[in-house]
Each structure stands twice: as structure tokens, then as C-alpha cells.
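This report refers to the structure that appears directly beneath it.
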Amino acid sequence: MTRHRFYGSIVSLVALSGCAQAPNVLEAPRGPATGAALRACNELPPALDLANTTFSSATSIPAGELTVAGTPVPAHCRLTGQMNPRLGIDGQRYAVSFEMRLPVQWNGRFFYQANGGLDGVVVPATGPVNGGAATTHALAMGFAVLSSDGGHTASMGAGFGADPQARLDYGYRAATALTPVAKSVIRKAYGKGPDRSYFGGCSNGGRSAMVAASRQPEQYDGYLVGDPGFNLPLAAIANIAGAQAYATLATSPTELASAFTLPERQLVSNAVLAKCDALDGVADGMIQDTAACQVAFQLERDVPACASARDGTCLSTQQKAVIARLFAGATDRSGKVFYATWPYDAGLATAGYASWKFVSPAQRDAPAVAQIFEVPPLKPADFDGIRFAMTSDIDALLAGARSTDGIYSDSGMSFMTPPHPTDLTALKQRGAKMLVYHGTSDPIFSSDDTTRWYEALRATNGGDASDFVRFFRVPGMNHCSGGPSTDQFDMLTPLVDWVENGHAPTQVIASARGAANPAAPNADVPATWSATRTRPLCPYPAVARYNGSGNIESASSFACR
């Protein structure tokens with residue numbers, strides 16, 4: 001506990017040094033941001049004197065030297081550094097490493113780039129505007145962008161969970177500590193702080209954005225939340241429970257994909273399309289009306305049953321029972337669903353879906369549950385992910401993730417999850433906004449969980465939260481990208497327009513990848529689709545419906561209603 005109090009004092013010192021001249025962060029955002037000129041890149045490190053923070057390099061990056069999705073990045077200054085270096089209780093060296101990219105042509109805005117997975121790598125701070133392969137990014141738009149490793153290195157794997165501070169840094173404290181540092185750097189670099197600040201990411205980055213909205217509502221004006229794992233520990237345990245169920249159908253625990261093969265997943269996907277594709281007014285290979293589809297499609301009735309051996313054209317009785325049970329939500333010993341249900345959708349027959357359902361339980365979820373979410377965490381030495389995933393008692397894992405033992409300053413899962421996910425009163429009162437999107441074929445974080453959260457948020461706000469939070473489901477999209485979907489879209493521009501100009505988005509236009517984006521093609525897009533297919537993404541509960549006439553490849557032929 002002494003370690004945590006010391007860290008808290010460091011954060012306070014950094015906050016004071018970084019924000020002494022900052023505008024009142026409790027003020028509601030007003031009007032568009034304005035830019036300023038960047039001082040010489042090599043002059044920055046000597047000008048920065050922040051508590052427990054060192055800057056290791058400042059490099060001028062000419063326009064075009066870096067590209068994102070085939071698009072040249074404008075000229076900018078790349079600043080790297082570390083804060084809070086220390087020796088962990090496990091004997092490992094820790095620090096929060098970061099980089100900032102400061103554009104020569106700055107627009108007066110700051111974007112905190114929250115990264116996915118277990119973090120551990122300082123990825124280029126370009127500021128993705130969605131989870132897929134958009135052709136633009138925050139840095140190209142003129143934002144100053146920060147990225148960090150979350151307080152540990154990837155070489156540690158999930159083993160960093162043995163150190164209490166590293167665990168909390170990953171959960172939320174790295175972002176809390178870095179925010180005032182980034183704003184102070186911007187003030188030194190441009191002679192003024194950011195007029196507007198935005199926080200965004202997908203997957204674990206989406207979780208981080210939701211946690212920041214709950215824990216740092218006074219620091220950011222807009223939050224961009226993609227496919228959020230805001231119940232990440234429960235989702236990981238649910239995926240392990242799914243692996244145990246699939247193992248009863250598989251040839252071996254190491255061949256889980258044999259439980260539900262690609263031809264069988266394509267069979268189910270086609271059956272779902274047969275029942276649900278035209279519910280939005282046109283058969284186009286996309287399911288827009290997700291809610292109606294769950295009523296229209298029945299696995300037992302609509303998928304052929306095998307009369308003999310499985311051959312990819314049918315499902316066995318046992319397969320139907322297991323698959324239906326998993327889509328209805330993983331349960332504990334009492335039969336209670338502990339995470340979420342899953343929508344039947346068109347994106348089952350993809351490599352991304354198979355990776356999360358059949359590979360991830362042993363390779364990603366087991367280490368995360370055992371070494372980060374359990375209290376106390378298991379030691380990484382000789383850890384066997386397959387054995388852990390196949391033999392662990394689900395109720396025991398749930399108890400471990402929810403427990404406390406006095407080591408951690410935050411109890412249970414609250415270091416990973418928003419403390420009060422449906423209480424965004426402070427965010428709402430200061431005029432900040434949030435845009436949330438989630439692929440309906442996401443195989444690891446269920447879009448049903450995010451839908452349930454948004455419904456609860458609406459209920460908390462008198463039945464309507466659309467004046468400060470809007471939620472967009474992305475039909476067919478797998479985890480953050482991919483799937484038979486229009487997964488290429490820009491959510492940051494409408495968020496800025498909402499925050500700074502008061503224009504709430506009534507739709508966001510999304511496009512399909514493939515030939516239209518050779519730098520980042522999506523192999524899941526059917527060949528029958530136009531390479532330039534577009535669709536409107538609609539704020540929930542509205543659904544994109546065909547107007548009855550017009551080119552079905554064009555978003556203009558659809559309306560949100």
C-alpha cells in the first residue's frame with residue numbers, strides 16, 4: 001500500500017507541474033479549437049521539466065516518411081520518453097514509456113491513443129479514428145497524439161500482473177498520469193495548451209476510453225469507444241468457458257476449430273442470412289436489423305440436422321445444443337449468464353472469428369485471467385495455457401477475478417472496468433460527448449453487452465442518452481475490423497463536430513474494403529459486393545433500411561429509421 005501512496009504523490013506532482021497554467025478543465029467545451037506554430041523539435045527536451053519524467057529523443061519527421069494505410073503522414077515532431085521508472089515487487093524494471101507526435105500544422109487538439117490487447121508496446125502515435133483501416137487518422141488531421149505501453153513491456157507477456165502497480169497502470173493509472181504530462185508538453189511545444197482533448201481506442205483501447213470517461217470526465221471533451229471490452233475479465237472467462245464447451249465436440253483440446261469447422265460456420269452464416277438479410281428491405285449480404293434477426297432465426301429449426309456423419313452440410317444434435325448454449329451466454333454453476341449473450345450474424349465464417357474462439361482461449365485469455373485478473377495472480381513460469389483453459393473451474397475463475405486480498409488498492413475488477421459505467425453525470429454536465437461503435441460479429445466482446453450497457457445508460461438518463469452518447473452497431477464486423485462488413489469509417493470527425501459545433505451525428509458513412517483499399521484489403525468481403533459499397537451506420541436504436549429504390553451499393557439508397 002505504501003507503493004501506491006508514493007505513486008499517487010508522483011501523479012499529483014506531475015498534475016501540478018503539467019496543469020498549473022491550464023484552463024479550468026471543468027468548463028464545458030465552447031467553439032472550435034484553434035492551432036498554433038510548433039517550436040523547433042530539438043528545443044523541446046531542454047524546455048520540459050516534469051516530475052519523474054525523462055525525454056529520450058526528439059526527432060523531426062518529414063512529410064511522407066511515415067505512411068498509414070498507404071497515406072503519407074504530414075511533417076511532425078516525434079518525442080519519446082518515460083515516466084515513473086521503478087523496480088517492481090517481482091524484481092522487474094517498470095516504467096510508463098510513451099511517444100508523442102506533434103504536427104507542424106497543429107489544429108489545437110490533443111488525442112490520447114489507447115492501445116489494444118495487453119498493451120506493452122509504444123505503437124506509432126497516429127490516432128486511429130476507428131478500429132478498421134480508415135484512410136485518415138488524428139495525426140493527419142492535425143492533432144497532437146500520444147501513445148504509451150501502459151506501464152510494462154510486451155516481453156513480460158501477462159506476467160506483469162504479478163506487480164500491483166503494473167496491474168493498475170494497465171487498468172487506468174498510466175492514462176491518468178500521462179494526461180497532464182501530454183498537455184504540459186503541448187503547452188511547451190506550441191505556447192498554449194490544447195483547446196480540446198479527445199480519448200479513443202478499440203478493444204482494450206475501447207475499454208480504456210470508457211474507463212477514462214468514468215474516471216477522467218474533466219480531462220477530455222470527447223471519447224471515441226470501439227468494440228469495448230469494458231467487462232474484459234468476464235469476457236475472457238466466458239471465452240474459456242466456450243473453449244471447454246467446444247472441446248466436447250473437438251478432436252482434441254489443441255484442435256478446437258474441429259468442433260465448429262469453417263464449412264459448418266459458413267452453413268450457419270448462410271442460414272442466418274436466409275432468415276435475416278431482407279429484414280431491412282433488401283437482400284444484400286448484410287444484416288442491419290440485428291434485434292429482429294434474433295427473433296427470426298432459430299438454430300434448431302433453420303440449420304439442417306445431420307442424419308449421419310458430419311460433412312459440413314449439417315450440424316449434429318450435440319453441436320446444435322453446444323452452439324445454442326454458447327450464443328445464449330456462458331453460465332456459472334447455478335446457470336446464471338455471467339457475461340453476455342451473442343447475436344447471430346453474418347460474420348461467423350472468418351479467420352478472425354476462428355482465431356478468437358478457438359486459439360485465443362489458451363493463448364490470450366488463459367494468461368490474462370491467470371496472471372492479471374486473478375487475485376493473487378499465478379506465476380508465469382511454466383504456465384500452460386491449454387491446460388489452464390481446459391481444466392479450470394469457471395466459478396473459481398469468477399471468484400478469483402472478483403476477489404481482493406489487500407494487495408491492490410482497487411478492489412476486484414474495478415481496476416479494469418469503469419467504476420460506475422452508466423453514471424456519466426460529470427461528463428454530461430460539462431458538455432463532453434461520446435461515440436461508441438461495436439461490430440455485431442465481434443467474437444470476443446459481445447455487441448449485446450454494449451447494447452445492454454447503452455440501454456442501461458438510457459434508462460439512467462430518463463430513457464434517452466443521445467444528447468451526449470451515441471452508439472453505432474456495425475453489421476457483420478468482427479473484432480474492431482474485418483468480417484463481411486463496411487468496416488472503414490471515420491468516427492473522430494463527427495465526434496469533433498458534435499463537441500465543438502453542437503452537430504450530433506445522425507449517421508456515419510462506412511465503406512467496404514477490398515479493391516477500394518488495396519493497402520489494407522478485407523478478405524471477408526464477398527466478391528459480389530462492389531469495391532465501393534457504402535452504408536450508413538445508424539445511432540442505436542435506428543436501423544439502416546433500404547429506401548425501396550436506388551443502387552444497393554450506395555449509402556444514399558438507405559436511411560436510418
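The values are calculated or read from the model by the stated rules, or taken from the named source; none is laboratory data. Bear in mind that the values here come from a model prediction, so they are computed numbers and not experimental data. Glycine also receives a Cβ, built like all others from the backbone with ideal geometry; neighbour counts cover every protein chain displayed.
Report yes if some residue within the stretch 195-213 is of a type in the set (Ser, Thr, Tyr) and in contact with a Cys (Cβ under 7 Å, 6 or more places away or on another chain); otherwise report no. Checking the stretch 195-213: at least one residue is of a type in the set (Ser, Thr, Tyr) and in contact with a Cys (Cβ under 7 Å, 6 or more places away or on another chain).
Close contacts from the stretch 298-318, counting a first residue that is of a type in the set (D, E, K, R) and a second that is surrounded by 10 or more Cβ atoms within 10 Å (Cβ to Cβ), with Cβ to Cβ under 7 Å and a gap of 6+ residues or different chains, come to GLU300/LYS320; GLU300/ALA324; ASP302/ALA271; ASP302/LYS275; ARG310/SER316.
Beta carbons closer than 9 Å, at least 6 apart along the sequence or on distinct chains, pair a first residue in the stretch 36-56 that is of a type outside the set (A, V, I, L, M, F, W, C) with a second that is assigned to a loop (DSSP other than H, G, I, E, B) for ARG39/GLY191. Here ARG533 clears all of (1) out of contact with any Pro (no Cβ under 6 Å at 6 or more places or on another chain); (2) at pLDDT 95 or above; (3) of a type in the set (Lys, Arg) except the condition numbered (2). Of the set (1) surrounded by fewer than 24 Cβ atoms within 10 Å (Cβ to Cβ); (2) of a type in the set (Ser, Thr, Tyr); (3) in a helix (DSSP H, G or I); (4) out of contact with any Lys or Arg (no Cβ under 9 Å at 6 or more places or on another chain), all apply to SER252 but (3). Among all residues of the stretch 159-178, there is none that is more than 22 Å from THR417 (Cα to Cα), touching a residue at least 60 places away in the same chain (Cβ under 8 Å), surrounded by fewer than 24 Cβ atoms within 10 Å (Cβ to Cβ) and of a type outside the set (Gly, Ala, Ser).
The set of residues in the stretch 36-65 being charged (D, E, K, R) and not in a loop (DSSP other than H, G, I, E, B) consists of GLU43 alone.
The residue of the stretch 350-378 that is surrounded by the most Cβ atoms within 10 Å (Cβ to Cβ), among those that are in a loop (DSSP other than H, G, I, E, B) and in contact with a helix residue (DSSP H, G or I) (Cβ under 7 Å, 6 or more places away or on another chain), is PRO377. Has the stretch 510-519 got any residue that is buried (at least 16 other Cβ atoms within 10 Å of the Cβ) and either hydroxyl-bearing (Ser, Thr, Tyr) or part of a strand (DSSP E or B) (or both)? So far as the stretch 510-519 goes, yes, one or more of its residues are buried (at least 16 other Cβ atoms within 10 Å of the Cβ) and either hydroxyl-bearing (Ser, Thr, Tyr) or part of a strand (DSSP E or B) (or both). The selection criterion, being in contact with a Phe, Trp or Tyr (Cβ under 6 Å, 6 or more places away or on another chain) and either touching a residue at least 24 places away in the same chain (Cβ under 8 Å) or assigned to a loop (DSSP other than H, G, I, E, B) (or both), holds for PRO536. Just a yes or no: is a residue in the stretch 149-166 within 17 Å of the chain's Cα centre (by Cα) and under 23 Å from LYS188 (Cβ atoms)? Within the stretch 149-166 (the criterion being within 17 Å of the chain's Cα centre (by Cα) and under 23 Å from LYS188 (Cβ atoms)), the answer is yes, since at least one residue qualifies. Any chance you could count how many residues in the stretch 63-103 are more than 21 Å from THR135 (Cβ to Cβ) and not acidic (Asp, Glu)? Residues that pass the stated criteria total 23. Which residue out of ALA33, ALA69 is modelled with pLDDT under 95 and out of contact with any helix residue (DSSP H, G or I) (no Cβ under 8 Å at 6 or more places or on another chain)? Every option except ALA69 fails the conditions.
Scanning the stretch 432-453 for residues that are touching an Asp or Glu at 6+ places or on another chain (Cβ under 7 Å) and of a type in the set (D, E, K, R) yields one hit, ASP442. With the structure loaded, tell me whether ALA133 is at pLDDT below 95, among the aliphatic types (A, V, I, L, M) and assigned to a loop (DSSP other than H, G, I, E, B) or whether it fails that test. It is true that ALA133 is at pLDDT below 95, among the aliphatic types (A, V, I, L, M) and assigned to a loop (DSSP other than H, G, I, E, B). Taking the stretch 72-117 only, how many residues are surrounded by fewer than 16 Cβ atoms within 10 Å (Cβ to Cβ) and under 23 Å from the mean Cα position of the chain (by Cα)? Residues that pass the stated criteria total 1. Looking at this structure, is GLU43 within 30 Å of ARG513 (Cα to Cα) and in the same structural domain as PHE98 (by TED's automatic domain parsing)? Spelling it out, it is not the case that GLU43 is within 30 Å of ARG513 (Cα to Cα) and in the same structural domain as PHE98 (by TED's automatic domain parsing).
Conditions (1) part of a helix (DSSP H, G or I); (2) within 17 Å of ARG207 (Cα to Cα); (3) not hydrophobic (A, V, I, L, M, F, W, C), marked per residue:
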{"position": "GLY151", "(1), (2), (3)": "no, yes, yes"}
{"position": "SER155", "(1), (2), (3)": "yes, no, yes"}
{"position": "GLY159", "(1), (2), (3)": "yes, no, yes"}
{"position": "GLN165", "(1), (2), (3)": "yes, no, yes"}
{"position": "ALA175", "(1), (2), (3)": "yes, yes, no"}
{"position": "PRO180", "(1), (2), (3)": "yes, no, yes"}
{"position": "ILE186", "(1), (2), (3)": "yes, no, no"}
{"position": "PRO194", "(1), (2), (3)": "no, no, yes"}
